[in-house]
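Here's the structure, in structure tokens; my notes come after.
The values are calculated or read from the model by the stated rules, or taken from the named source; none is laboratory data. None of the values given here were measured: they were computed from a predicted structure. Here the Cβ is made from the backbone with ideal geometry for all residues, glycine too, and neighbour counts use every protein chain on show.
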Amino acid sequence: MSMNHFSVSIVIPNWNGRELLEKHLPSVVYFRKQAEIIIVDDGSDDDSVSFVQKTYPFIRVIKKDTHEGFAGSVNTGVRQARGDIVILLNTDVEPEKGFLEPLISPFTDSRVFAVGCMDKSMENERVVLRGRGIGRWEKGFYIHKRGEVNASDTAWASGGSSAFRRSLWNELGGMDTRFNPFYWEDIDLSYRAVQAGYKILFESRSVVNHYHEEGSIMGEFSKTHIRTIAYRNQFIFSIKHLPSWSQRILFLFWVPIRLIQSLCHGNFSMIVGFFSAIVRFFIYR
């Protein structure tokens, strides 16, 4: 169960994903001799747990009694993982057969914290190549977008298809659960790692197929709620990491402008996201 002298764990957070597990787990089980496989069930009310236990008894299942969200579930899985390297995969992701070796080999550099995969994202019946991100500070906000997949650097490693060095994960404190139930938690963790002097890499030879539209977020939440959470977590990230006084001043200047613009355009998701971010950031721990 080792590769390049590293032991490997694959952690899959699950919430009501029985159909996704049935469809996509076989491609993960292919690697059972090279990695332990852990599924963290986030308080599902379907038969996800019984399906996995019956069909794949060698998979470790960690069952949580209540639904918490992505960051909390992943933290639980990493905490109980045995591997030096932990690979996070979503339930709607299928790794291709050659993905493991190139994903693990960069960790021979002790400064590497995480390596992201090439994500073949299935969107509206076409394939979009994702997995590499670009980020920058602009008007007091951290703006991120998809990067071209022809380089080895990346601003973050996706929580849905990347590998992480467990010792550094623990050193950094894992994912911030203030971002629950989803979005920005992987960008936040990667950002903290880079600020601490570690490396985040992108490996185009490590390929996963990502059936994005099948995922639990799209299936369980309305578009308005998803948009509100995305705005909320962008505000939380920006408040948490504003890098300089100039960016803080820009943030204070542009927040009311953005809120007024949102009000004028009927974009109440941003307004609700802002106020929930304030509550979440300063009260929730």
Fill in the blank from the handout: Per the list (1) in a helix (DSSP H, G or I); (2) in contact (Cβ under 8 Å) with a residue 60 or more places away in the chain; (3) closer than 21 Å to residue 186 by Cβ; (4) within 19 Å of the chain's Cα centre (by Cα), residue check on residue 102 breaks on (4)
Completion exercise
All-but-one check, residue 121 against (1) surrounded by 18 or more Cβ atoms within 10 Å (Cβ to Cβ); (2) out of contact with any helix residue (DSSP H, G or I) (no Cβ under 8 Å at 6 or more places or on another chain); (3) over 24 Å from residue 172 (Cβ atoms), failing number (2)
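Would you mention how many residues in segment 222-244 are touching a helix residue (DSSP H, G or I) at 6+ places or on another chain (Cβ under 8 Å), over 24 Å from residue 166 (Cβ atoms) and not β-branched (Val, Ile, Thr)?
Within segment 222-244, the first condition is being touching a helix residue (DSSP H, G or I) at 6+ places or on another chain (Cβ under 8 Å), and the residues that meet it are 224, 226-242.
With the extra rule that they be over 24 Å from residue 166 (Cβ atoms), the set shrinks to 224, 226-236, 238-239, 242.
Restricting the remaining residues to those that are not β-branched (Val, Ile, Thr) gives 227, 230-235, 238, 242.
So the answer is 9.
Against the condition under 30 Å from residue 19 (Cα atoms), modelled with pLDDT of 95 or more and surrounded by fewer than 17 Cβ atoms within 10 Å (Cβ to Cβ), how does residue 158 come out, does it pass? It would help to see each step written out before you state the result.
Numbers: under 30 Å from residue 19 (Cα atoms): yes; modelled with pLDDT of 95 or more: yes; surrounded by fewer than 17 Cβ atoms within 10 Å (Cβ to Cβ): no.
Taking the combined requirement at face value, the residue does not satisfy it.
Being over 26 Å from the mean Cα position of the chain (by Cα) and buried (at least 18 other Cβ atoms within 10 Å of the Cβ) narrows it down to one residue among 258, 232, 248; which is it?
Numbers: 232 fails: over 26 Å from the mean Cα position of the chain (by Cα); 248 fails: buried (at least 18 other Cβ atoms within 10 Å of the Cβ).
Answer to the selection: 258.
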Handout entry: Residues (surrounded by fewer than 15 Cβ atoms within 10 Å (Cβ to Cβ) and either over 19 Å from residue 220 (Cβ atoms) or touching a residue at least 40 places away in the same chain (Cβ under 8 Å) (or both)) located in segment 31-58
Key = 32, 33, 50, 53, 54, 55, 57, 58
